[in-house]
Number of protein chains: 2
Amino acid sequence: MKEFLKTISYSEYEKLLENLNLKRERIIVRSEISANFVVAENIKATEEVPGFFRSTVDGYAVKYENTQGSTPSVPTMLKLIGEIKMGELPDFRLNDGEAAKISTGGALPEGADAVIMQEDTEEMGEWVEIYKSLGFGENTVKKDEDYALDDIIVGKGDVLSASKIQALLSSGIYEIPVFKKLRIAVISTGDEIIDYKVSKRGKGKIRDTNSYLISEYLRKIGEEVTFLGISKDSREELKSFVEKSINDFDLFLISGGSSMGARDITVDVLSDYSEILFHGIRVYPGKPLIFGKGDDKVFVGLPGHPVSSFVSIFTIVYPLIFSWEGAKDFKIKPSGYLKIDKNISKKVGRESFVLVKKYEKNGEFFANPLFGESGLISLIAEASGFVRISENREGAYAGEELWYYEF
Amino acid sequence: MKEFLKTISYSEYEKLLENLNLKRERIIVRSEISANFVVAENIKATEEVPGFFRSTVDGYAVKYENTQGSTPSVPTMLKLIGEIKMGELPDFRLNDGEAAKISTGGALPEGADAVIMQEDTEEMGEWVEIYKSLGFGENTVKKDEDYALDDIIVGKGDVLSASKIQALLSSGIYEIPVFKKLRIAVISTGDEIIDYKVSKRGKGKIRDTNSYLISEYLRKIGEEVTFLGISKDSREELKSFVEKSINDFDLFLISGGSSMGARDITVDVLSDYSEILFHGIRVYPGKPLIFGKGDDKVFVGLPGHPVSSFVSIFTIVYPLIFSWEGAKDFKIKPSGYLKIDKNISKKVGRESFVLVKKYEKNGEFFANPLFGESGLISLIAEASGFVRISENREGAYAGEELWYYEF
């Protein structure tokens, strides 16, 4: 059995990603389908948004100066000169002493600079009584309040989300330069591993569901994933899997068998295509990880243990993908803090990511750490996320608040 | 303008959902594509998982009793009787005084009941020196440790996730009874609203991106959504949109125009098809919400304000969909706690959901509330989630920890 000769810490791994220096091509995609892509350059507004001077309430467009000193007992009377239709710019100008009826979202007429809410007025035939003083611009949105021309809507390195895309579409931006997505291949290995679809499992065999879970969680972040199949623990077979497809993919994820031999074989084969940057990472779980860098390619040998495999997707593979695809913020970030409800002990020197189940009790949410020898797949199925404890700590106490990462 | 005659609180809304009593058909779907479906009955394991007595380490299978009292200075000598191949059940039996070489994940031979780690041994030709005492079952996983026969893998009312599906597939369960997904239609309304794809926006017009965002966030939870188009603020036109498609959908989401007239028209049209259960909900944002229930159909008039529209997807539409589709846990749940970095004030009597941007500072994460008159679409694009303040409070102070919901 080979030693884990070159292990690194989690923070060293994050630094390594910063300096991997792998390039991605720029492509243009339609904004509508650009979710999860990383923006390749700053995108500026080409239209003002909302685009016209709008009311945020139902009421009357006025000049704010005309309302000064108005109260219910000493109202100001303004002449009602018209009603503004939705979706049109008014074709009249508002002068001193005048008001125009307007709905939420309507365009203010030229000359108007504020809107008085309907409940602060009383309409009386051709006149409107004003019961309140307004400030300049009150109850309105400026024509470029969301975006002025040349405002940056999304910046280089931003990961596109539906809500960022909404902003692009609002400004009439239908195409966007992004970095090309990776082509990702998954290979499972292990003499004990069989296709999960077989009807009879056979003795001593394990259905390969790690590759399913890896693929699904990569699809969640918009990746295209191709499953190449299951290789026996054989140097020749694994090599032939990689060799056949070497030009078709950028990232190869080798989902490990659990035996000692399997890891050696993976290291051997990956050495033919890449420089092994590390073999073993000082994290829990996920230690027996193999990372090789070739010419514009990366090979990751993932642990075979289901929990390690699953957690490594978040801790190892997501940051790799996001950094490679150009995201300026590629590190995993917690989705909030949660208190743990029992002690967690760990080894000093290993960044730890512990599966937990979030639950509510008396109106508060807690994280219940799931560990022990009690099952593997079942723990994953039960977990809602994981908490993190930094490498230099010996553990964390019940009641302590930790970074929580929801799946 | 019609009054908001029948408004309800957020907790009343959650109660209303519990009692809506809308049924969904059961269907059978392939497990692989069952993500986001709600399980229609308890699903029990039909195979034991992992299925055989496995080692969790690389080492030697032994009888634990044979190791008692072993230390490096007083080792026990066991006879090496063979090596266990991965993916096969050993064809030999282990007797007192014997050991068999085994890899992580390998099957223990009959007679063995524990595994000693390689580093606690020394192999010497036909013998293995044992340097440590083991407990019964140490470094092993029982054949039904993940799932015993008839263990419930997923329960009625569980929402399926990729990790729960992994557990099903591990046990060889390829089909699963679930509740049928809703057929959802989205209609945009408003005289000022135009298709976001038009090249020239026109004066006083607003590109309709709310319907885009609504649809995308429903697709995230696995829903199929059909956009029916944009209706003018006209009773006849909106009615014809609904009428044409009334039999094709279960849930109609009417994305509101912002004018006073628009809401009245929506209420009018929905009254033709449903009983208006409430008109106005005491939440911020999202107050002008209309909720109508017909025969096995629901009609929701969503606010036109982009932030209200967006937040209502999470606070109103997600719980409706999950409860209707049979989820036992349909209420939205925070993804953790975050401290806010400035005060938030609010009206008593309204459950408030305030957009925030999560950020890191000196190794801690905070939520920066995004409010004020400063833009709408741009706030959504900047936000990472929202925090929640309960209805009876007047606000929350900077530094306070709140429930945080990440998008």
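No value in this document is a laboratory result; all are computed from the given coordinates. Everything numeric here is computed off the predicted structure, so don't read it as measured data. Cβ atoms come from the backbone with ideal geometry, glycine included; neighbour counts cover every protein chain shown.
Under a point spin-label approximation (7 Å from Cα along Cα-to-Cβ), what is the B:VAL198-A:GLU126 distance to one decimal in nm?
Placing both labels 7 Å along Cα→Cβ, they lie 3.6 nm apart.
For A:MET77, place a label point 7 Å out from Cα along the Cα→Cβ vector, do the same in each other copy, and report the separations in nm, one decimal, smallest first.
11.9
A:ARG30 to B:ASN95: FRET efficiency via 1/(1 + (r/R0)^6), r the Cβ-Cβ distance, R0 56 Å, to the nearest 0.05?
0.20
Given a Förster distance of 22 angstrom, what is the FRET efficiency for A:GLU119 paired with B:LYS347, based on the Cβ-Cβ distance and rounded to 0.05?
Step by step, r from the Cβ atoms, then E = 0.90.
Given the -39500 (n - 2.57) contribution per DSSP H run of 4+ residues, what per-residue ellipticity at 222 nm results for chain A, rounded to the nearest 500 deg cm²/dmol?
Rounded to the nearest 500, it is -5000 deg cm²/dmol.
So for the protein assembly as shown: antiparallel DSSP bridges make up what percent, rounded to the nearest 5?
Taking every DSSP beta bridge within the protein assembly as shown, about 65 percent pair in antiparallel fashion.
At 7 angstrom along the Cα-to-beta-carbon line, where would the label on A:ASN392 sit relative to the other copies? Give the distances in nm, shortest first.
Copy-to-copy label distances at A:ASN392, shortest first: 4.4 nm.
Under a point spin-label approximation (7 Å from Cα along Cα-to-Cβ), what is the B:LYS287-B:ASP268 distance to one decimal in nm?
Each label point is offset 7 Å from its Cα along the Cβ direction, giving 2.4 nm.
Between A:TYR174 and A:LYS357, how high is the FRET efficiency from 1/(1 + (r/R0)^6) when r is the Cβ-Cβ distance and R₀ = 51 Å? Nearest 0.05. The partial results should precede the final answer.
On the way: r = 43 Å, r/R0 = 0.84.
E(calc), rounded to 0.05, equals 0.75.
Checking the table A:LYS164/B:LYS197; A:LYS358/B:LYS342; A:LYS358/B:LYS180; A:LYS339/B:LYS164 against a 21 Å threshold on Cα-Cα, which pairs fail?
The pairs that break the limit, which is 21 Å between Cα atoms, are A:LYS358/B:LYS342; A:LYS358/B:LYS180; A:LYS339/B:LYS164.
First obtain the Kirkwood hydrodynamic radius of chain B from its Cα pairs, then insert it into the Stokes-Einstein equation at 37 °C and 0.692 mPa s, and state the resulting D in µm² per second as a whole number.
My calculation gives 129 µm²/s for D.
Spin-label point model (7 Å from Cα, Cβ direction): what's the B:GLU65 to A:LYS244 distance in nm?
5.1 nm
Taking the label point as lying 7 angstrom from Cα along the Cα-to-Cβ axis, what are the distances from A:GLY125 to the corresponding position in the remaining copies, in ascending order and in nanometres?
12.3
In whole Å, how far is the Cα centre of region B:270-290 from that of region A:212-280?
Distance between centres, Cα-based: 53 Å.
Which chain A residue sits with its beta carbon nearest the axis carrying A onto B, and how many Å away is it, rounded to a whole number?
Axis-proximal residue of A, distance in whole Å: A:GLY336, 1.
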